[in-house]
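Beneath this line is the structure, given in structure tokens, with notes to follow.
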Amino acid sequence: MPAADNTTQWVTEKFSSSIVPTLVDYIKIPNKSPMFDPDWKKSGHMDKAVELLSSWAKSNLPDGATLEVVRLGDRTPVIFIDIPATGGRAGDTVMLYGHLDKQPEMTGWREGLGPWTPVIEGDKLFGRGGADDGYAIFASLTAINALRQDKRPHARCVVLIEACEESGSYDLPAYIDHLAPRIGDLSLVVCLDSGCANYDQLWSTTSLRGLVIGTLEVSLLTEGVHSGDGTGVIAASERVIRQLLDRIDDSHTGVVKLAELSTQIPKQRVLQAERTAQVIGDEVFSKFPLQPGVQPVVKDNTELILNRTWRPGLAITGADGWPPISNAGNVLRPSTSLKLSIRIPPRVDPKVAQAAVKAALEKDPPYGAKVSFSGSTASAGWDAPELAPWLEQALDAASQAHFGKPAMYMGEGGTIPFMYMLGEKFPKAQFCITGVLGPGSNAHGPNEFLHVPTARRLTLCVADILATHAQQ
Ligand SMILES: [Zn+2]
């Protein structure tokens, strides 16, 4: 049974009168993840964001619920909310997860928009962190409040909002250990930090990629020299780095060469990719802000979906050792550093992948160059456990009720390290991983937006899923 009509109306009003205005304030806070703001403690933005979200949550707590901002030593804080059951099996707990740390600014924001400048245009709320993942705490509590309003029972729920996700969740395992007795035994995890392939139905994430990142530095000189003097005598550090990158991927195809970074794709996931390709068609690539005439790496949409979800891929996300172009003299620079970000498929061991990347880059340096791959971290991907029939039915019914279309299943190319951790800790738990990161929403890039109607419908879907869960 979906929400009563007046409850659906109540959720709509809650979004327009309270949630969106609070998200507007939230977007103004530059609370970048600790990796991008190592001084986060001193700069105080994270605390401001925690204060804003937790004070909204406190004034919207379901009856009997408690909220605590938990802080372990110097770690980034987490918001932990404990909501007593109104039904379901005794001892059964659902976790609803999201994060409040943000990606850095990134360049290329459209005129009038900016990461810390909230702008509402039609259905969209532009700005950093609204969709990824500020809305999660609002959606979680509003879903439960909607159930309470309709007197639809739900099991005990805990809401966990972390502040380290965009840095690989390195603070989270300590909190999970610390909170374990208070979390209890999870039978369902609802994660609201994922994507959707359109805004027309409920999308459930069946897999996530992992991530190996690190800085590759190549140096042949102790200081820069006149390029007229040095070129042809000493190799340029950027040319050596090109050779080293060729060990990771094929620059003509983008195919990653290291066997340790690949896996056999399960048959069922290939079938899901085929079905998704049928539903979304060219949207797989046309959703990107392409320059005129740009083509995707292959023509086959199913292959593109598999590339994005079950195959490794390299991106270079930053560089040092280069002056800005306006200040570039004719110099053979002493060193070049690149930040490498390598997505790895689910089922690939991140430590093995990380070691393989380091070994490939550092072995036999051309010309005896000084080469290092350092500051590296590795996060595991995740492959969903088999969906319980009740959850499959609940997802579909919720999608039909609030979107008017069936639920869909798709892997995602991004990384949520916590899902792997939870899967290991709670092997019997079911997972509902979903989110609002759909076409154009551009989390991590410029012009990020939250599609407000999707966030609202998703909130109602979560309520229905929790209601069905309590009947099991
Ligand atoms: Zn996120």
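Please treat every number below as a calculation from the coordinates, not as lab data. These figures come from a predicted structure and were not determined experimentally. For neighbour counting, all protein chains shown are included, and Cβ atoms are generated from backbone atoms with ideal geometry for every residue, glycine included.
Cross-linked pairs LYS14/LYS124; LYS257/LYS363; LYS42/LYS339: Cα-Cα separations exceed 22 Å for LYS42/LYS339. Each of TYR170, TYR409 has some number of other Cβ atoms within 10 Å of its Cβ, and from fewest to most they run TYR170, TYR409. When you count the other C-beta atoms within 10 angstrom of each residue and take the mean per peptide, 322-333, 280-291 line up highest first as 280-291, 322-333. Length available on full extension from GLU13 to SER326: 0.36 nm per residue minus the Cα-Cα distance, which gives 107.6 nm.
Once you order the gyration tensor axes a ≥ b ≥ c over the Cα atoms, which shape class does region 1-54 get: rounded for a/c under 1.5, otherwise prolate or oblate by comparing a/b with b/c? Taking the square roots of the gyration eigenvalues as a ≥ b ≥ c, region 1-54 is prolate. A Förster distance of 45 Å, applied to the separation of the beta-carbon atoms of GLU392 and LYS339, puts the FRET efficiency at 0.65.
Annotation: the antiparallel percentage among DSSP beta bridges lying fully within the chain is about 65. Where in region 254-285 is the amide nitrogen less than 18 Å from a point lying 7 Å along the Cα-to-Cβ axis of GLN295? Of the residues in region 254-285, 254-255, 282-285 have backbone N under 18 Å from the label point off GLN295. If you take the square roots of the eigenvalues of the alpha-carbon gyration tensor of the chain and sort them as a ≥ b ≥ c, do you get rounded (a/c under 1.5), prolate (a/b over b/c) or oblate? Prolate.
For GLU223, put the label point 7 Å out on the Cα→Cβ axis and report which residues of region 307-350 keep their amide N under 13 Å from it. The answer is 334, whose backbone nitrogens lie closer than 13 Å to the label point.
What whole-number distance in Å separates the alpha-carbon centres of region 19-34 and region 182-236? So the two Cα centres are separated by 24 Å. The separation of region 133-150 from region 63-114, counted between C-alpha centres, amounts to 12 Å. Near LYS58, once Lys and Arg are set to +1 and Asp and Glu to -1 for all other residues with Cβ below 14 Å from its Cβ, the sum equals -4.
Here the chain is assigned +1 on the Cβ of each Lys and Arg and -1 on the Cβ of each Asp and Glu. Its dipole about the Cα centre then comes out at about 260 debye. The residue among GLN264, SER55, PHE138 whose Cα reaches farthest toward the positive pole of the charge dipole of the chain, with charges on the beta-carbon of Lys, Arg, Asp and Glu, is GLN264.
Here the Karplus curve 6.51 cos²θ - 1.76 cosθ + 1.60, taken at θ = phi - 60°, turns the phi angles of region 369-375 into couplings of 4, 7, 10, 9, 10, 10, x Hz, with x standing for Gly and Pro. Packing here is the average count of other Cβ atoms within 10 Å per residue, and on that basis the peptides 69-78, 204-213, 383-392, highest first, run 204-213, 69-78, 383-392.
Pick out, in residue order, every one of the GluC sites (Glu not before Pro) in region 97-198 that is DSSP loop and has at most 12 other C-beta atoms within 10 Å; say none if there are none. Kindly include the intermediate steps, with their values, before the conclusion.
On the way: sites: GLU105, GLU111, GLU121, GLU162, GLU165, GLU166; in loops: GLU105, GLU111.
In loop regions of region 97-198 (DSSP not H, G, I, E or B), the sparsely surrounded GluC sites (Glu not before Pro) are GLU111.
Shape class of region 235-309 from the alpha-carbon gyration tensor: oblate, with a/c at 1.5 or above and b/c at least as large as a/b. The modelled label-to-label distance between THR231 and GLN278, using points 7 Å beyond Cα along the C-beta direction, is 5.5 nm.
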